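See below for the structure under consideration.
The values are calculated or read from the model by the stated rules, or taken from the named source; none is laboratory data. Bear in mind the structure is a predicted one, so any value in this text is a computation, not a measurement. In this analysis, Cβ positions are derived from the backbone assuming ideal geometry, glycine residues included, and neighbour counts consider all displayed protein chains. To get the accessible areas, we keep the full protein, side chains included, count just its heavy atoms, and leave off ligands, DNA and RNA. Shrake-Rupley method; radii C 1.70, N 1.55, O 1.52, S 1.80 Å.
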Amino acid sequence: MMKSRMFIARTQRGFTLVEAIIVMVLTGILAGTMMLFLRQPVQNYVDAAARADLSDTADLALRRMARELRGALPNSIRALFVNGVWYVQFIPVKAGGQYLAVEDGAANGIPLDFVGGGDKFNVVGPMPAGAAIIPGTDSIVIYNLGNEIAGADAYAQTNLAVIKAVNNTPLGWEITLNNNPYAVGPSGAPNASPEHRFSVVTRPVTFRCEGRADGQGTLVRIVEGGFTAVQLPSTITPATPRLAANVLACNFSVDQAANVNAGMVGMSLALARPRTGGAANGLETVTLVHQIHVDNTP
C-alpha cells in the first residue's frame, strides 16, 4: 500500500524553478535567432511595398499629365524653370470645328472675315457633340503657331477671341465673338487656317513641380486666371489640386519641331519617403521617366 502511494507522488512531480528558467532561456535564444533570419526578409517586403506604392503614385501622375498634354492646343505647350521649380503650361482644347470661309463661296451664311472684320460666323456642319461651349468663358483660336509668332500666338491673344454667344439659326450654328482679332485689313496677311479649322479652348493649365531633398515636394495642377504672352511662375493655395506628394526631384523638356508639326515632351519624376525605422535608414526612392509625342498641326 505504501509503495503505491509513493509511486503516485513521483508521477505527479512538476518542473523545478531551475528547469523552467532553462526552458525560458533556450526559448529566448531560439526566438532571437529566428528574428535575425526573419528581420531582413520582412524589411525587404516592407521596402518593396513602399517602392510599389511610390511607383503607382508617380505613374498615375505622369499618365494624367500625358493625357492632358496630348489634348493641348497645338504649339501651346511651354516650360519654365525658376528657383528650382518646374512649370509646364498648356492650353486645353475642349472642342473644335470648321468655320465658313469667304473662299467657300456659300450663297447663304456668315463667313469669318479676315479682312473687313465682323464678330459673327457660321459653323460648317453640326456643332461638335457634347461640346458644351460656355459663352464668356471659352474662346476660339485659329491656326496657332505659338513661339511668340506675330498674329499666331494664343498666349498673346492675337489669334484668340472670347465667345460671346452660340445660337442655332436657320442657316446653321452661329458663333458670336466679343471681338475679331483675325481681321488684318486689305493690305495684311490673314492668319487663316488652310483647313478652315477652329479650336474651342479654356484657360491655360500649369503643372507645377517642386522637388525637395527631404522628399516633401509636391506636383500640383493649376488653372490660370488668364493668358499671358510670357510664361510666369504660378502661385499655389491650400485648395490647389495635388497630383503627387513626396516629390524628391523632377525634370521636364519641351521640344517643338515646327517644320514637321510635331513635338516631344520629356518628363522625369522622382518620389521618396523615409525607410522603415526612421530617418537614420535614409529615403526609399523611385524615379520614372516618360516621353510623349504631341501633334502640333495647327
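Roll a 1.4 Å probe over the protein heavy atoms and report the accessible area of Ile29 in Å², nearest 10.
Probe radius 1.4 Å; accessible area of Ile29 about 100 Å².
Can you list residues whose amide H is under 5 Å from Asp138's amide H, if they're 5+ apart or on another chain and H is modeled 1.01 Å from N?
Amide H to amide H, under 5 Å and 5 or more residues apart or across chains, Asp138 pairs with Ile163.
Got a number for the accessible area of Lys164? Probe 1.4 Å, square angstrom, nearest 10.
Rounded to the nearest 10, the figure is 130 Å².
Kindly sort Cys209, Cys250 by accessible area of their heavy atoms, largest first, with the probe set to 1.4 Å.
Working: Cys209 0, Cys250 25 Å².
Putting Cys209, Cys250 in descending order of accessible area: Cys250, Cys209.
Below 14 angstrom from the Cβ of Pro204, what's the summed charge of the other residues (Lys, Arg +1; Asp, Glu -1)?
Local charge sum for Pro204: +1.
Rounded to the nearest 10 Å², what accessible area does His293 show when all protein chains are kept and the probe is 1.4 Å?
110 Å²
Can you give me the % of accessible surface on segment 169-218 that is carbon or sulfur? Probe 1.4 Å, all protein chains present, nothing else counted.
That fraction is 49 percent.
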